[in-house]
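The values are calculated or read from the model by the stated rules, or taken from the named source; none is laboratory data. Just so you know, these numbers come straight off a predicted model, no measurement behind them. Cβ atoms come from the backbone with ideal geometry, glycine included; neighbour counts cover every protein chain shown.
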Amino acid sequence: MTVSIENWAEQVRAGDVRAISRAVSAIENRERDAEEILRQLFPFTGRAYRVGITGAPGTGKSTLVDRLASHYRVEKKTVGIIAVDPSSPFTGGSILGDRIRMQGHATDAGVFIRSMATRGFLGGLSQATRDTTLLLDAAGKQIILVETVGVGQGEIEIVRLADCTIVVLMPGMGDDVQSLKAGLMEIGDIFVLNKSDREGADRFEQQLKGILQLVPERDGWKPPVVRTIATENKGVAELGRQIELFRKHFEQAHERQAREIAHWKEWILQLLETRLMERVAGKYLGEKELDAIAAAVAERKTDPYGAVNEILARAGLGEDH
């Protein structure tokens, strides 16, 4: 371990913004130093509370995150915000729209904001996002807000990362709340009905509560519905109160250890998958070769299953016979 990495880790723990930003960039770019600094910092993690905010585009998630951050700053809590944007189809980078909307916190040393690209991960959360939550945890951020891209089934990925998952909905999303995906209904610890001043909000809320009655309780917790108008900062304090109630409930639940183990099991498996993919593809499969194999599959000269088996065999990971 080099002295520079140790000093860098100390700067991150001290909350140095430049050091944190440089570390996040190293994580995103998969630089060699990224893993070293994360290993240095890991013993100092486990203190932050991770709140995931997900939901369909247009529900006002970014504004809600912005107001939640303000709520926690009033309580003198430090906040980290990770806004997971859709990857640019041209550069692979994030569009940065969420970061622009949160510029009110730009001069607040108690808030660190970073937009991150999904980089093609269907769940909307890349390994870099997970690693960045660890980094911000070690940097002393007490609350980490992770806003997901909220597209398709990827919304449910947040539950594997967050301690508390908030599902943001709004009136006018469809004719009936029953049109919502079952998976989305099952992952929410708290449901937010944002833009609740819109027509049909009362009916939507009643339907939502009716559906939630059918969702099995988790460790005795029944997900509440909180009405907000984020643009006017209405309902945000109540949302903060419900998050704290859930946190206390979770800390007292008998299943806490089992949930933590399940969380790290998922983390390790995803990291293993990513690491194996990088090593196999990097050492045994070049971009041109992959193009050639893909072309062969497209022309039906081979099948994808046999192609993958052949690649794994080259890496010494073929099936035993």
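Among the numbered conditions (1) among the aliphatic types (A, V, I, L, M); (2) touching a Cys at 6+ places or on another chain (Cβ under 8 Å); (3) without any contact (Cβ under 8 Å) to a residue 24 or more places away in the chain, the only one that residue 19 does not meet is (2). Filtering region 277-321 to residues that are without any contact (Cβ under 8 Å) to a residue 12 or more places away in the chain, surrounded by 13 or more Cβ atoms within 10 Å (Cβ to Cβ) and under 27 Å from residue 32 (Cα atoms) leaves 281, 290. From the list 36, 75, 10, 28, the one residue that fits, being within 21 Å of the chain's Cα centre (by Cα) and among the acidic types (Asp, Glu), is 28.
Take residue 32 and decide whether it is touching a helix residue (DSSP H, G or I) at 6+ places or on another chain (Cβ under 9 Å), surrounded by 16 or more Cβ atoms within 10 Å (Cβ to Cβ) and among the charged types (D, E, K, R). Taking the combined requirement at face value, the residue does not satisfy it. Per the listing 36, 10, 28, the residue uniquely in contact (Cβ under 8 Å) with a residue 40 or more places away in the chain and farther than 24 Å from residue 240 by Cβ is 28.
Listed by position, the helices (runs of 4 or more DSSP H) enclosed by region 52-156 that each have at least 1 residues that are at pLDDT 85 or above are 61-74, 127-138. Of the residues that sit in region 18-51 and are among the basic types (Lys, Arg) and at pLDDT 90 or above, which one is farthest from residue 157 (Cα to Cα)? This residue is 18. The set of residues from region 256-289 being more than 13 Å from residue 163 (Cα to Cα) and of a type in the set (Asp, Glu) comprises 266, 273, 278, 287, 289. Annotation: of all residues in region 201-258 being aromatic (Phe, Trp, Tyr) and in contact with a helix residue (DSSP H, G or I) (Cβ under 9 Å, 6 or more places away or on another chain), the one that is surrounded by the fewest Cβ atoms within 10 Å (Cβ to Cβ) is 221. Might you check whether a residue that is touching a strand residue (DSSP E or B) at 6+ places or on another chain (Cβ under 8 Å) and touching a residue at least 40 places away in the same chain (Cβ under 8 Å) occurs anywhere in region 225-234? Yes, region 225-234 contains at least one residue that is touching a strand residue (DSSP E or B) at 6+ places or on another chain (Cβ under 8 Å) and touching a residue at least 40 places away in the same chain (Cβ under 8 Å). Return the residues of region 243-259 that are at pLDDT below 80 and not basic (Lys, Arg); say none if nothing qualifies. Passing the criteria: 253, 254, 255, 257, 258. Here's a check for you: in region 157-198, which residue that is acidic (Asp, Glu) and at pLDDT 85 or above is farthest from the chain's Cα centre (by Cα)? Looking at residues that are acidic (Asp, Glu) and at pLDDT 85 or above, I get 197.
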